[in-house]
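Data first, discussion second: the structure below is written as structure tokens.
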Amino acid sequence: MKIYICVDSEGQGAITREKDPVSVYGPWQAEYNRRRATDETTACVEAARDAGADEIIVHDCGFIRGVTPGGLTLHYDDLPRGIRIVMGGAGLLSVIDQTFDGVILLGHHSMAGTPNGVMAHTFSSAEIADMRLNQRSIGEIAMEALQFGSIGVPVIMVSGDDKACDEAVEWLGDIETAPVKHGLGNHQALSLHPKDADDLIRQKTAAAIARLGEFRPFTIPPPYELEVECFTEEIAAHRATLPLAHRSGPRTVTLRTNNVLDFTHQMTAAGTWSNLGAQPQQ
């Protein structure tokens, strides 16, 4: 059995960080955040192994602006041995293929604009006010599930705050979820004790693998219209230079396609605020 674990850096238990005028989600809990992400990943890996997984890849998708570069968040020495780790900002589908049995999204968060969602955002807390797929607001959980679904692999479990878990069920249906904290605001939460959060992740990982035959890859029939509403005109102008995109409003960029993999450039940091003025990668 092959399991792929994709780890973000906002949805861990006992993590809220703080509002910061420069880094958006400030560095106050940064090192603790990294440790919590590592501990929750360890819990997930151990539970997956106990449930029968014999090949596990962990994809480090975390990013703490001003502290860690993208994809270099986990403490790798502290993870269980025998896994392989995708790191350094590698693409979501750079390693996984159709031979994997399921994907687990750990430490995820709700989409931009979610009331009381802890660190709620969609790909860039500095750039994107809203992302809409076929006129429906969509977040990272469903967008990532679409990418994995395009190669035939289902998302089977999601952990994060309760708002992220609700969003996962709304889009993906009856999957397993591990709500490790209850969102009270963008930087406020009622959290499980960290060790209890680890235990919940173990339980839900085991439950997801026990139900493996019930899950199906997440897909939406084409055609697709992806709208990205940006915070400023400058950001929209830059994102409009990315492949297949065009400016459709002062702060809005639109992409039309029949292939969900064409969303990738808008999902990555190619147009991030720190790169304004730089040429986007093709």
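Every number in this text was worked out from the coordinates using simple rules, so none of it is lab data. Just so it is clear, the structure is predicted and the values come from calculations on it, not from any experiment. Glycine gets a Cβ as well: all are built from the backbone with ideal geometry, and neighbour counts include every protein chain shown.
Taking the Cα centre of the chain as origin, sum charge times position over the Cβ atoms of Lys and Arg (+1) and Asp and Glu (-1), and report the length of that vector in debye to the nearest 20.
In debye, rounded to 20, the chain gives about 340.
Which is farthest toward the positive dipole end of the chain among H265, V86, T241, measuring Cα position about the Cα centre, with Cβ charges +1 (Lys, Arg) and -1 (Asp, Glu)?
Ranked along the dipole, the leading option is T241.
Using a ≥ b ≥ c from the Cα gyration tensor of region 191-265 (square roots of the eigenvalues), is it rounded, prolate or oblate, where a/c under 1.5 gives rounded and otherwise the larger of a/b and b/c decides, a/b for prolate?
oblate
Across region 72-112, how large is the tail of the calculated P(r) beyond 14 Å, expressed as a percent of all Cα pairs?
Value for region 72-112 (Cα pairs over 14 Å): 65 percent.
With a Cα-only, solvent-free Debye model of region 142-184, what are the log10 I(q)/I(0) values at q = 0.22 Å⁻¹?
Each listed q corresponds, in turn, to -0.68.
Whole Å is fine, so just give me how far the alpha carbon centre of region 112-139 lies from that of region 161-176.
15 Å
To the nearest 20 Debye, how big is the dipole of region 171-228 about its Cα centre, given +1 on the beta carbon of each Lys and Arg and -1 on that of each Asp and Glu?
Value, rounded to 20: 220 debye.
Of [x] 22.5; [y] 23.9; [z] 18.7, which is the value of Kirkwood radius over Cα pairs in Å derived from the coordinates here?
[z]
Determine the relative contact order of the chain: mean sequence separation of Cα pairs under 8 Å and six or more apart, normalised by residue count, in whole percent.
Relative contact order for the chain comes out at 19 percent.
Short version: ³J(HN,Hα) in whole Hz for each residue of region 94-107, in order, from phi by Karplus 6.51 cos²θ - 1.76 cosθ + 1.60 (θ = phi - 60°), x for Gly and Pro, what are they?
Values per residue, Gly and Pro as x: 5, 10, 5, 9, 5, 7, 7, 8, x, 10, 10, 9, 9, x Hz.
Just to check I understand the Karplus step: with θ = phi - 60° and J = 6.51 cos²θ - 1.76 cosθ + 1.60, what whole-Hz values come out for region 49-63, glycine and proline as x?
Result, ordered by residue: 5, 4, 8, x, 5, 10, 9, 10, 10, 9, 9, 6, 10, x, 7 Hz.
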